[in-house]
Amino acid sequence: MTSWKLALAAALLAAGTALAGDLPRLPLALELPQSADSPGVVTFDHDQHVDTSRPDCVACHPRLFGILGRSAARRTQVVTHAAMEKGRACGACHGKAALNFEDCSMCHKM
């Protein structure tokens, strides 16, 4: 391989690495705490909620969900349907109208 081809390949590799480094590393799926009467586990998946072409973590963090320090300790609170209907937690974006509360399997894995 000629030196200019090698230099071009190295530049393209470096540019690809730099672009990949700009994307956030999304956390793994997170099992949410359950209440005693929950029909099944709810797992939050960042991949389904984040537009990787325009990632915006501050849309939810720390306003709705804490991730650092004392705010992370609040994660142990159970998310209830009553709270969601009042626009808290998942309901801040999904609300009662967007969630099909009649179909538990949309969120709860039995």
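Could you list, in sequence order, all residues of segment 39-53 that are in contact (Cβ under 8 Å) with a residue 24 or more places away in the chain and either out of contact with any helix residue (DSSP H, G or I) (no Cβ under 6 Å at 6 or more places or on another chain) or among the aromatic types (Phe, Trp, Tyr) (or both)? 40, 41, 42, 43, 50, 52, listed by residue number.
Tell me, which residue of segment 44-60 that is open to solvent by less than 50 Å² (accessible area, probe 1.4 Å) and in a loop (DSSP other than H, G, I, E, B) is nearest to residue 30 (Cα to Cα)? Here the answer is 45.
Suppose the filter is open to solvent by 60 Å² or more (accessible area, probe 1.4 Å), in a loop (DSSP other than H, G, I, E, B) and modelled with pLDDT under 85; does residue 63 pass it? Yes: the conditions hold for residue 63. With respect to the conditions (1) open to solvent by 100 Å² or more (accessible area, probe 1.4 Å); (2) modelled with pLDDT of 65 or more; (3) closer than 17 Å to residue 45 by Cα, residue 75 falls short on a single one, namely (2).
The values are calculated or read from the model by the stated rules, or taken from the named source; none is laboratory data. Nothing here was measured: the structure is a model prediction, and the numbers come from that model. A quick note on method: Cβ atoms are made from the backbone with ideal geometry, for glycine too, and the neighbour counts reach across all protein chains shown. What goes into the accessible areas is simple: the full protein's heavy atoms, side chains included, and nothing from ligands, DNA or RNA. Shrake-Rupley method; radii C 1.70, N 1.55, O 1.52, S 1.80 Å.
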